[in-house]
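The values are calculated or read from the model by the stated rules, or taken from the named source; none is laboratory data. Keep in mind that this is a model prediction, so the values were computed, not measured. With ideal geometry, Cβ positions are generated from the backbone for all residues, glycine too; neighbour counts draw on all protein chains shown. The area values use the complete protein model at the heavy-atom level, side chains included, leaving out ligands, DNA and RNA. Shrake-Rupley method; radii C 1.70, N 1.55, O 1.52, S 1.80 Å.
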Amino acid sequence: MSEIAVEVRGLVKSYEGGRIRALRGADLKVARGEFVALMGPSGCGKSTLLHVIAALDRPDAGHVHVMGVDTDAVRDLSAYRARTVGLVFQLHNLLPALTASENVQVPMFETGTGRRERRRRADDLLALVGLADRTHNRPGELSGGERQRVAIARALANDPPVLLADEPTGSLDSKAGGRVMDLIERLRTERGLTVLLVTHDPGVAARADRTVHMLDGRVLAPAAVPNVPLALPVMPS
Amino acid sequence: MTFGALILKNLLRHRVRTLLTAVGIAIGIMTVIALGAVATGARQAAGGMLQSGGSDLLVAQKGASDLTFSSMPTRQAARLDRRGDVAWAHPVLLDVSKVGSNPYFVAFGMRLADLAEAPPPLVAGRVPRRADQVLLGDRGARDLGVGVGGTVEIQRTRFRVAGLFHVGTTWQDGGAYVPLVSLQRAARKPGVVTGAYVRVAAGRDAGAVGEAIEAADPQLVAIADVDDMAEVDQGIEAIDGLNLAISLLAVGIGAIGVMNTMVMSVFERTREIGILRAVGWRGRRVVRMIVGESIAVCLIAFVVGLGLGALATEAVTLVPAIGAVLEPAYTVAVMVRALVVALVVALVGAAYPAIRAARLLPMEALRHE
């Protein structure tokens, strides 16, 4: 069996005093280097699961282990967010006052990277995502696809082994979305990234190694690594 | 991009708000600078009155609410001269009256022999030798437009200017040394003086001699420097108290202004703070960013306030009656005090918004619209 990068067991998360039960015992395993698409109807808990894995939210119950880090056991998860996982949102969530290069540098403040190194790495990452000539542009001066590519570069700022993407193409047209997915696939291959990507788009999901379906706060497919057969077939693109 | 550059970029996003906040605090700093410079100038001027002709102590009546209210017989002041630990004691009558446009012209009534023995540094003419002559301070001479040989009217008595002196303190240089008997007559205080300038005997410690004088006569107080002035003058304490009160007021008003700005700024940027936390920023770094922004605003306010404070003080001293008695002193202590006020404003004003920002859960902040 391949080495596990992400393991989620019995994850429970509710909001508004338990009125909204977003996760009801979700289980998931993602192998190192695997690209998994997470699909399901709106409100099924996909994004909540991703956010709990990204340590943006604490679960009510259950366990999350990512690259050997038990997120329950860590009081301040800032270092985990800075170094272990890279996060891409549906809306790029870039800081509007900063240039593309500066946005990519922001996560590096927390890892003690020197000023020159921050700038060099940001420019390299922007070149990697095809935006070498847009380093000095602010988000308002970039197209939706370009902003999302800057967000991907920012997610990779501290070279994390895991990329978590929450509907990264959700706000883009098909052409721009296709480019973003090309980029994610390429980066995954080049950098050996483990990718967990939430999407509504079967075409996007078809690019993953496997697709995991969620319904009512639970993962329908059995937690599985690539050599375990899927409970549901991959949705056609 | 440095962390400092990030802080400045955040401030420049709302230039008008940043500027208005800085101006609000700058007005507080201006008050601290202006009052501090005036208070320090007044202290220096008051300190200048404590010494004459190389004296070490001023012996006066204990408990007087103002130095000029101190009173003792001339004989009692002169008797200090007989002490073994005293080189000389020169009785002095301090009288404040309006002369020319100066409402606080200080006349130092001293015996002619004492003036001759220990005169202030002369810049023109000579020490008075007759009862109708005075030694005028160069600042007073300039204000009154008279020189050696000219006349000056003090307490409705006309005196001829025998010489000019310069000590370097406002109230002395703005006033005059007048023969004691003449001033006692003119001020209707015959046989009475304010106290005595005392020079201790060679090898004696001024503090110890002062204590010995006080022990010998509990009605007396020996003042060596301006910090002891409260023993005979509540005015300095009142100025110091007012200065402290204004500083506290400036801190209070400034901190509320900064807090208002920073709370608004943090509230507006809740989502951005969520992004920063999501990409790995610790709460501590968010606190540093908010506090850094607050300190930057207050440092801008400090620089603007320094300029405004100096301008305001100089403008006030353009009024002849004030300019004659007031020379603001922009000492390092005044600047440091204003800087401390600015930094306290920054820290107090940023504390609540910074803690609030740091406590935000990343997801909670990201959901904020």
At q = 0.12, 0.14, 0.15 Å⁻¹, work out log10 I(q)/I(0) for chain B with the Debye formula, treating every Cα as an identical point scatterer and leaving solvent out; two decimals please. -0.86, -1.05, -1.15
List the residue ranges in chain B for DSSP H helices whose C-alpha atoms run 20 angstrom or more along the long axis and whose Kyte-Doolittle average is 0.5 or above. B:15-49, B:234-268, B:283-317, B:332-359
Per residue of B:280-289, what is the mean number of Cβ atoms on other protein chains within 10 angstrom of that residue's Cβ? 5
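Could you tell me the calculated FRET efficiency between A:His136 and A:Glu16, based on Cβ-Cβ distance and R0 = 35 angstrom, to the nearest 0.05? Can you show the working numbers first?
On the way: r = 44 Å, r/R0 = 1.24.
Approximately 0.20, to the nearest 0.05.
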Pop the C-beta distance of B:Arg15 and A:Arg191 into the FRET formula with R0 = 60 Å and round what comes out to the nearest 0.05. 0.90
For region A:120-132, Karplus-derived ³J(HN,Hα) couplings (6.51, -1.76, 1.60; θ = phi - 60°; whole Hz; x for glycine and proline) come out as 5, 5, 5, 5, 4, 5, 5, 5, 4, 8, x, 10, 4
Using the Karplus curve 6.51 cos²θ - 1.76 cosθ + 1.60 with θ = phi - 60°, work out ³J(HN,Hα) for each residue of region A:208-218 in order, rounded to whole Hz, and write x for Gly and Pro. 7, 5, 7, 10, 10, 9, 10, 8, 6, x, 10
From the Cα trace of region A:45-174, what convex hull volume per residue do you get, rounded to a whole Å³? 112
Report for region B:128-228 the percent antiparallel among DSSP-assigned beta bridges with both residues inside it, nearest 5. 55
Please report, as a whole percent, how much of the solvent-accessible surface of region B:51-224 comes from carbon and sulfur atoms (probe radius 1.4 Å). 49
Mind checking which of B:Phe267, B:Phe105, B:Phe302 has the largest fluctuation in a GNM of chain B, springs on alpha carbons under 10 Å? B:Phe267
Using 0.36 nm times the number of residues separating B:Arg75 and B:Leu311, minus their current alpha carbon distance, what extension gain do you get? 80.1 nm
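When DSSP assigns beta bridges and you keep just the ones with both residues in chain A, what percent turn out antiparallel, to the nearest 5? Spell out each step's value before the answer.
Working: 18 of 35 bridges.
That works out to approximately 50 percent antiparallel.
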Can you find, among B:Val152, B:Val178, B:Pro120, the residue farthest towards the positive end of the dipole of region B:51-224? Put +1 on the C-beta of Lys and Arg, -1 on that of Asp and Glu. B:Val152
Measure of size requested: the Rg and Dmax of the protein assembly as shown, with Cα atoms as the atom set and Å as the unit; please supply both. 39.3, 122
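Roughly speaking, what % of Cα-Cα pairs in chain A are separated by over 28 Å, rounded to a whole number? Walk me through the numbers on the way to the answer.
Working: 8055 of 27966 pairs.
Taking all Cα-Cα pairs of chain A, the fraction more than 28 Å apart is 29 percent.
Using only the Cα atoms of region B:158-225, construct the convex hull and provide its projected area averaged over every direction, in square nanometres to one decimal. Could you put the intermediate results ahead of the total?
Details: hull surface 27.0 nm².
The number I arrive at for region B:158-225 is 6.8 nm².
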Label-point separation (nm) for B:Arg83 and B:Ala216, each offset 7 Å from Cα along Cα-to-Cβ? 0.5
Degrees separating the helix A:144-155 axis from the principal Cα axis of chain A, which is the longest one: 80
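So what is the calculated 222 nm ellipticity per residue for chain B, using -39500 (n - 2.57) for each DSSP H run with n of 4 or more, over all residues, to the nearest 500 deg cm²/dmol?
About -18000 deg cm²/dmol.
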Listed by chain and number, the lysines with an alpha carbon less than 22 angstrom from that of B:Lys62, same-chain partners under 8 positions apart left out, are B:Lys189
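For region B:263-350, what is the convex hull (Cα atoms) projected area averaged across all directions, in square nanometres?
Working: hull surface 29.3 nm².
With every direction weighted equally, the projected area is 7.3 nm².
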Would you compute, from DSSP H runs of 4+ residues alone, the mean residue ellipticity of chain A at 222 nm, taking -39500 (n - 2.57) per run and dividing by the full residue count, rounded to the nearest 500? -8500 deg cm²/dmol
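With the Cα gyration tensor of region B:51-224 giving a ≥ b ≥ c as the square roots of its eigenvalues, does the rule (a/c under 1.5 for rounded; else a/b larger than b/c for prolate; else oblate) give rounded, prolate or oblate? Don't skip to the end; give the middle numbers.
Values: a/c = 1.99, a/b = 1.64, b/c = 1.21.
Taking the square roots of the gyration eigenvalues as a ≥ b ≥ c, region B:51-224 is prolate.
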So which lysines pass the test for A:Lys29, namely a Cα distance under 24 Å, with those fewer than 8 places away in the same chain ruled out? A:Lys13, A:Lys46
How many nm is it between the label spots at A:Ala206 and B:Asp227, if each spot is 7 Å from the Cα in line with the beta carbon? 8.7
Once both label points are put 7 Å beyond Cα along the C-beta direction, the A:Arg58-B:Asp132 separation in nm becomes 9.5
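For the protein assembly as shown, what proportion of DSSP beta bridges, expressed in % and rounded to the nearest 5, is antiparallel? Before the final figure, lay out the partial values.
Values: 50 of 76 bridges.
If I count the DSSP bridges inside the protein assembly as shown, around 65 percent turn out antiparallel.
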Which of A:Arg147, A:Arg116, A:Arg218 ends up with the largest GNM mean-square fluctuation for chain A, with Cα atoms connected below 10 Å? A:Arg116
Computed E for A:Arg115/B:Leu299 - FRET, C-beta separation, R0 30 angstrom, nearest 0.05: 0.85
If you build a Gaussian network model of chain B, linking Cα atoms that sit under 10 Å apart, which residue out of B:Val134, B:Val279, B:Val192 swings the most? B:Val279
Rounded to the nearest 20 Debye, what is the dipole magnitude of the protein assembly as shown about its Cα centre when Lys and Arg each give +1 and Asp and Glu each give -1 at the C-beta? 800
